[in-house]
Amino acid sequence: MATSPPETTVTAQAPARPADRAPARWWRTTEPRPARRTVVSAAVTTSLGLAVVVALGTLLHQTVLIPPLAATTAIVTATPGSPLAQPRHVFGGHLLSCLVSFVVLAFGWHGPWAAAVACGIACGLVLVLKAAHPPAMATAVMIMLTNPPAHLFVPLLAAGLALLVMAQMASSRLQREVYPTTWW
């Protein structure tokens, strides 16, 4: 004969919050603030680097690539040690996205739907080739929506990228830091 275990009553009590601990706020993060030197360096290098790109675009009477390059500059100057900030990712991501976009344009596709396709293909390609750089997806979208002439767009993009990487290299040297941490 089997006997069932005696029934026990369990009362659930909410854990009490200590009175001395304030409730968590969304604006409080556990992430440390960057050093003031890093903030100033990133702000100045971003402004100067983008100003040079704007000047180059103005001299050449070409579309200035501010949206994707501004995002790239923010990554390169604020987190220069990140893999996404290294030249392989910066150049590889943007130029591969550029290549994919011009191939999609060669098929006669353009506009927002084509931009979504080109961006997705570019995202997959840069991941496979280990050259991921999220701002490069904006380059793909920009190309698909504006349909620029490749012979003008690609050199301007490459020059802009080179200028931004060189600006960070100069900034790092002035601060006795290392950028890039890897080239390839």
Any hit, segment 84-101, residues being within 13 Å of the chain's Cα centre (by Cα), modelled with pLDDT of 90 or more and loosely packed, with under 13 Cβ neighbours inside 10 Å: no
The lone exception for A159 - which of (1) touching a helix residue (DSSP H, G or I) at 6+ places or on another chain (Cβ under 9 Å); (2) open to solvent by 50 Å² or more (accessible area, probe 1.4 Å); (3) within 24 Å of T45 (Cα to Cα) it fails: (2)
Any chance segment 106-120 includes a residue that's open to solvent by less than 10 Å² (accessible area, probe 1.4 Å) and within 24 Å of A55 (Cβ to Cβ)? no
Test set (1) under 17 Å from W184 (Cβ atoms); (2) part of a loop (DSSP other than H, G, I, E, B) - V90 fails condition number: (2)
Within the set of pairs 6 or more residues apart or between chains, which connect a residue that is within 22 Å of H151 (Cα to Cα) and assigned to a loop (DSSP other than H, G, I, E, B) inside segment 101-121 to a residue that is open to solvent by 50 Å² or more (accessible area, probe 1.4 Å) and of a type in the set (S, T, N, Q) with Cβ atoms less than 8 Å apart? H110/N147
Among the residues in segment 125-139, are any polar (S, T, N, Q), farther than 30 Å from R36 by Cβ, surrounded by 18 or more Cβ atoms within 10 Å (Cβ to Cβ) and touching a residue at least 24 places away in the same chain (Cβ under 8 Å)? yes
Counting only residues that are open to solvent by 40 Å² or more (accessible area, probe 1.4 Å) and part of a loop (DSSP other than H, G, I, E, B), which one in segment 65-83 is nearest to A136 (Cα to Cα)? T79
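The values are calculated or read from the model by the stated rules, or taken from the named source; none is laboratory data. Worth saying up front: this structure is predicted, and the values here are computed from it rather than measured. Every residue, glycine among them, receives a Cβ derived from its backbone with ideal geometry; neighbour counts consider all protein chains shown. We work out accessible area using only protein heavy atoms, side chains counted, and drop any ligands, DNA or RNA first. Shrake-Rupley method; radii C 1.70, N 1.55, O 1.52, S 1.80 Å.
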